[in-house]
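Here is the structure we will look at, set down as structure tokens.
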Amino acid sequence: MEDRLIPVTSVATGMKQSFAADIHCLTIQVVNVCFVGHPDQPQDWVLVDAGMPKSTDRILEAAAEIYGEHNRPKAIILTHGHFDHVGAVGKLAEHWGVPVYAHRDELPYLTGRKDYPEPDTSVEGGLVVKMSRMFPNEGIDISEHIRPLPEDGRVPHMEGWESIHTPGHTEGHISLFRQEDRALIAGDAFITVKQEDLSKVLTQKQEISGPPRYLTVNWKQARKSVTKLNSLNPKLAVTGHGFPMRGATLKENLEKLDSQFEQIAVPKHGKFVGDEKKD
Ligand SMILES: [Zn+2]
Ligand SMILES: [Zn+2]
């Protein structure tokens, strides 16, 4: 799976941005990874998600730029286990010697016990949906490093943050929320680019969207998860794909997605539509 290279690179590739003193985001190809922790405390940070396959070096470089050389994170937290969020996780965990945390329900896909269903290429959408055929759906095995997140919502090494189970896109998908400044790291629970549309992915045109269609397995849960996140009234949302959204734009868009989820997010047809039960 490491050898399968996905030929998609967005305008934002390699772009590093900071959204709060302690939230830094790097876009690699089409997916975002987050570095959470203040650069003034370079021993005390975590990485959220681990990008596309082959992005190990790029993540290490960015980490060195933010926290200085040789300052490893305390842990890696995964929003979920899809290939574009775990690409470098094995190598990074090995290199840094740090634990990786994910929701209990996601562990089968991270310990080699289960594969995700194949991408649903029958949902409507453009070229990316067709290309998704090439996307690896195999679970990975990082048994040596992976640990379940605490059930009470605490996030190890992320003081003030809470993990929120937001299933639908995958069974064990989580989002991370910090009450103090209402910052949200949403993973793929909703995203701010229409991931099915190649031209929008390439230009990263901002547009609120449900979870990427071709990989989402339970739309009923996905809808509930969006409602849950909307009710938190976040001020900043860093999503797995697309540029972060904040303030009034976020509020307006998230409310729209919540109230018109059926029209905006759910594909009209597809193998997981109307299928409430998975596996
Ligand atoms: Zn995903
Ligand atoms: Zn994703």
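From the list Met1, Met15, Met52, which one is closer than 25 Å to Gly168 by Cβ, open to solvent by 50 Å² or more (accessible area, probe 1.4 Å) and modelled with pLDDT under 95?
Met1
Can you name the residue in the stretch 70-104 that is open to solvent by 30 Å² or more (accessible area, probe 1.4 Å) and outside any loop (DSSP other than H, G, I, E, B) and, of all such residues, is farthest from Pro167 (Cα to Cα)?
His95
Residue check: is Val100 within 23 Å of His241 (Cβ to Cβ), in contact (Cβ under 8 Å) with a residue 40 or more places away in the chain and within 15 Å of ligand 2 (Cβ to nearest atom)?
So Val100 does not fit the description; no.
Would you point out the residue of the stretch 210-233, among those that are within 11 Å of ligand 1 (Cβ to nearest atom) and part of a loop (DSSP other than H, G, I, E, B), that is surrounded by the most Cβ atoms within 10 Å (Cβ to Cβ)?
Only one residue tops the list, namely Pro211.
With respect to the numbered conditions (1) open to solvent by less than 10 Å² (accessible area, probe 1.4 Å); (2) of a type in the set (Gly, Ala, Ser); (3) assigned to a helix (DSSP H, G or I); (4) within 22 Å of Ala20 (Cα to Cα), which one is the sole condition not fulfilled by Ala189?
With (1) open to solvent by less than 10 Å² (accessible area, probe 1.4 Å); (2) of a type in the set (Gly, Ala, Ser); (3) assigned to a helix (DSSP H, G or I); (4) within 22 Å of Ala20 (Cα to Cα) applied to Ala189, the lone miss is (3).
Just one of Pro156, Pro117 is surrounded by fewer than 21 Cβ atoms within 10 Å (Cβ to Cβ), part of a loop (DSSP other than H, G, I, E, B), modelled with pLDDT of 95 or more and out of contact with any Gly (no Cβ under 7 Å at 6 or more places or on another chain); which is it?
Every option except Pro156 fails the conditions.
Would you tally the residues in the stretch 77-101 being within 16 Å of ligand 1 (Cβ to nearest atom) and hydrophobic (A, V, I, L, M, F, W, C)?
Qualifying residue count, the stretch 77-101: 6.
Quick one: Glu207 ticks every box in (1) in a loop (DSSP other than H, G, I, E, B); (2) out of contact with any Phe, Trp or Tyr (no Cβ under 8 Å at 6 or more places or on another chain); (3) within 16 Å of ligand 1 (Cβ to nearest atom); (4) at pLDDT below 95 bar one, so which box is it?
(3)
The values are calculated or read from the model by the stated rules, or taken from the named source; none is laboratory data. As the structure is a computational prediction, the values presented were derived from the model and not from experiment. All Cβ positions, glycine included, derive from the backbone under ideal geometry; neighbour counts span all protein chains shown. These accessible areas exclude ligands, DNA and RNA; they are computed on the full protein's heavy atoms, side chains included. Shrake-Rupley method; radii C 1.70, N 1.55, O 1.52, S 1.80 Å.
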